[in-house]
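Undergrad: Sharing a structure with you now.
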Amino acid sequence: MVVRVATDERPFESPSSDESGLGRSDSPSENTEPEAALVVPPDGGWGWVVVGASFMCNVLVDGIIFSGGLLSSAIKDDFKISEGKVATVNSLLAGFYLLAGPFVSALANKYGFRVVTIIGSLISSFAFAVSYYATSVEYLYIIYGIMGGIGLCMIYMPAVLTVGFYFEKWRGLATGLALCGSGVGTFVIAILTNKLNESLQNWRLIVLIHAAMLLLCILFGSLFRPIKPVRVTLADEQDEEDTARRHEEAVEKLNSMIKLHSKLDSGICMPPEMKFTNKVSPHTWMGVPNNTRYPTAEEVFRGSNSHLSNSHAGRRSSANAGAIKNTLGNKPMFIEMPVAEKDEQEDSNGNIDNTEPLIGAAVKVVPTQNRFHQRRSHADLVARPLYRDDIFFGASLTRLPQYTSRTSLGYHLAVTHVPTKEDAQEESSGKCRFCPEAVKRTLATMLDVSLFRSPTFVILALSGFFTMLGFFVPYMYIQRRGESNGMNKAIAGWLISAIGISNIVGRVMCGFLSSMPKISPLWLNNIAISAGGIATMMSGLYYDSVFQFAYCAIFGLAAACFASLRSILVVEYIGLEQLTNCFGLFLLFQGFGAVLGVPIAGMLYDLTLSYDKSFYVSGAFLLLSAVMCYPVDAISKWEKSRKVHNSSPTA
């Protein structure tokens, strides 16, 4: 069987066609064959502009959040309230910046990254601007904290996720560069906020300036230009013969027409451990068992392979067919990638195993068949970013066995799930619904509670909750604690910025170390967070500037490791197919931790009139979150062995 891929040259009239996705025609009046719309990352070009725009979004969003504590003293004095009450303002901002993640992701899945980012910029800027007129701290809770946090999340989530669509080979580097904006923003905006505090001495004007800065995200969000997808379908036997005859010519033309990942023609076969099963997809409604499955594109094409010859020679020859669509004058060309439902694999004894699916890799350029071109017009293919299993994976794809064991196109087919018929009908009709299928399905995936049956997931989720309980306390109080204990005010004003610099260095180091096969991401995570927790508890021993800056360096490194390694840990111990589900629930756990952490520290200050206890408790939360993860490796192995035992016929 041959899979035909065609670049879709249609204009992008709907925002939902901005991202990667897949669909097929359901018209009963034609001889339908599976069709898919996939995004092949260009690994450069406009992608670097997207990285720059994402970087700037992170500079503004994380910079404002992490420097928000610098305004709390002025707000506290203005409303004559306790430390615990004023701390809730910034904790709500940080908390809803995380809690809204699954819902913002669902909106981005339907309406596109560009639209959601622009709307988020308008919402957050409006919330910050009208906070100028706050008459009570409760007003700030609702407008600045909740509304502003949701708006910032609508900027942050698309900015992070869109980078992955532009990069395949360089995804880890591109995502790392974009996320370094968090450290740069912490460094720059903390300094700016301190300067504004000194010159204006009015927190309301400073918030108004922050609102104006957030309007810049409209410009940056508009740069999240969509990638034109390629369209995939099956070729008939005549196409296969034509493709085989033109094979040599195709390879030569391919090199001059389009640059694809080197794995596209590598001919890598799937190893035995990559067998497909008929287990229920993780894309189910809120964990409630049902018969609905959302198969991948690869499964769809395998299921349409019954018409092929079962001869050994036939399958071998068709595995070398393919073609890539380009435009040559007015004659469109197609990429055809071979797919075999049952391709022979020889075991160590020389026996043939006909159970492994294969995405072949040879490439062939052939003219478009008119009947196929007509059939394309009937299929309104839907493009959805959250239908990809790897949407939340920001590290190098070479860490994924699903990527290294397949061709480039084969990987994209394997991780992309098809849209439902209802989804495609909604897209073609253009009707507006209160809860569209694309939104409902994304929420069902990200908030599927069936994962709570996994001990490994529960440990990682609780660890993230405790990490967030202590994570924002140093950002909130380290400068004020230093000033209250005799540090020079000018020097203390650089402490938060020092955390930002360390965060940048930590992300680079963490990315380098995590790419080394002999270094365990779990132990790197555990050591970093343990060090950050212990350092936080000991940070009040001396208020010498060298000691305090050393603490900031350690804490910044720990924060960078936590942020960089979460997706790697999920893939390694839970699986790529569960990554979207895990991150949806992780965002909720971490959001609740962020909402509660700083107010707890503030109430401790009210009780003791000292920041030391707040830092003790914050460090203890961080250390506890690391200690919880120490047995994850052993628990994961036990969990996997139990599943194997329960699924064996003799069990």
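The values are calculated or read from the model by the stated rules, or taken from the named source; none is laboratory data. All values reported here derive from a predicted model rather than from experimental measurement. Note: ideal-geometry Cβ built from the backbone for every residue, glycine included; neighbour counts use all protein chains shown. In case anyone asks, the SASA skips ligands and DNA or RNA and just uses the protein heavy atoms, side chains included. Shrake-Rupley method; radii C 1.70, N 1.55, O 1.52, S 1.80 Å.
Undergrad: Taking H as built 1.01 Å from N, whose amide H comes closer than 5 Å to the amide H of Asp390, not counting residues under 5 places away?
TA: It is none; the list stays empty.
Undergrad: Just to check I understand the Karplus step: with θ = phi - 60° and J = 6.51 cos²θ - 1.76 cosθ + 1.60, what whole-Hz values come out for region 216-226, glycine and proline as x?
TA: 5, 5, 4, 5, 5, x, 5, 7, 6, 5, x
Undergrad: Can I ask one more? Gain in length, Gln425 to Leu205, computed as 0.36 nm per residue apart minus the alpha-carbon separation, to one decimal in nm?
TA: My answer for the length gained is 74.3 nm.
Undergrad: Probe of 1.4 angstrom, ligands and nucleic acids ignored: what's the accessible area per residue over region 448-638, in square angstrom? Before the final figure, lay out the partial values.
TA: Values: 7210 Å² over 191 residues.
Accessible area per residue, region 448-638: 38 Å².
Undergrad: How long is the gain from Ser647 to Leu216 if the chain were fully straight, where each residue apart is worth 0.36 nm and the alpha carbon distance is subtracted? Let's see the in-between values first.
TA: Values: separation 431, 0.36 × 431 = 155.16 nm, distance 5.37 nm.
The Ser647-Leu216 span can extend by a further 149.8 nm.
Undergrad: So, one more: Any idea what the relative contact order of region 448-638 is, in percent, if you count C-alpha pairs under 8 Å spaced at least 6 apart? The partial results should precede the final answer.
TA: On the way: 265 pairs, mean separation 79.2, N = 191.
Here the relative contact order equals 41 percent.
Undergrad: Still on this structure, please answer the following. Rounded to whole Hz and in sequence order, give me ³J(HN,Hα) for region 155-172 from the Karplus expression 6.51 cos²θ - 1.76 cosθ + 1.60, θ = phi - 60°, writing x for Gly and Pro.
TA: So the J values, rounded to whole Hz, are 8, 5, 4, x, 4, 7, 6, 5, 4, x, 6, 8, 9, 10, 5, 9, 4, x.
Undergrad: Just to confirm the filter: which trypsin sites (Lys or Arg not before Pro) across region 488-525 are DSSP coil and have at most 11 other Cβ within 10 angstrom of their Cβ?
TA: On the way: sites: Lys489, Arg507, Lys518; in loops: Lys518.
When the trypsin sites (Lys or Arg not before Pro) of region 488-525 are filtered for loop state and at most 11 Cβ neighbours within 10 Å, Lys518 remain.
Undergrad: Based on the Cβ-Cβ distance of Ser82 and Leu596, what FRET efficiency does E = 1/(1 + (r/R0)^6) give at R0 = 25 Å, to the nearest 0.05?
TA: Details: r = 16 Å, r/R0 = 0.65.
That gives a FRET efficiency of 0.95.
Undergrad: Give me the percent of accessible area attributable to carbon and sulfur for region 34-232, probe 1.4 angstrom.
TA: Numbers: 4510 of 6250 Å².
C and S fraction of accessible area: 72 percent.
Undergrad: Contour minus end-to-end for Ile491 and Asp633, with contour as 0.36 nm per residue of separation and end-to-end as the Cα-Cα distance?
TA: Answer, rounded to one decimal: 46.9 nm.
Undergrad: Pairs Lys440/Lys637; Lys440/Lys518; Lys85/Lys195: which exceed 30 Å Cα-Cα? Walk me through the numbers on the way to the answer.
TA: Details: Lys440/Lys637 34 Å; Lys440/Lys518 41 Å; Lys85/Lys195 25 Å.
Result: Lys440/Lys637; Lys440/Lys518 exceed 30 Å.
Undergrad: Quick check: pseudo-label points 7 Å beyond the Cα along Cα→Cβ at Asp544 and Ser610, how many nm apart are they?
TA: Distance between label points: 2.1 nm.
Undergrad: How large, in percent, is the carbon and sulfur part of the accessible surface of region 448-638 at a probe radius of 1.4 Å?
TA: Looking at region 448-638 in its full context, I get 74 percent from C and S.
Undergrad: How much accessible area per residue does region 34-232 have, in Å², with a 1.4 Å probe? All intermediate terms of the calculation are to be shown ahead of the outcome.
TA: Numbers: 6250 Å² over 199 residues.
That works out to 31 Å² per residue.
Undergrad: So for the pair Leu122, Ser450, with labels modelled 7 Å out along Cα→Cβ, what separation do we get in nm?
TA: Label-label distance for Leu122 and Ser450, simple model: 3.8 nm.
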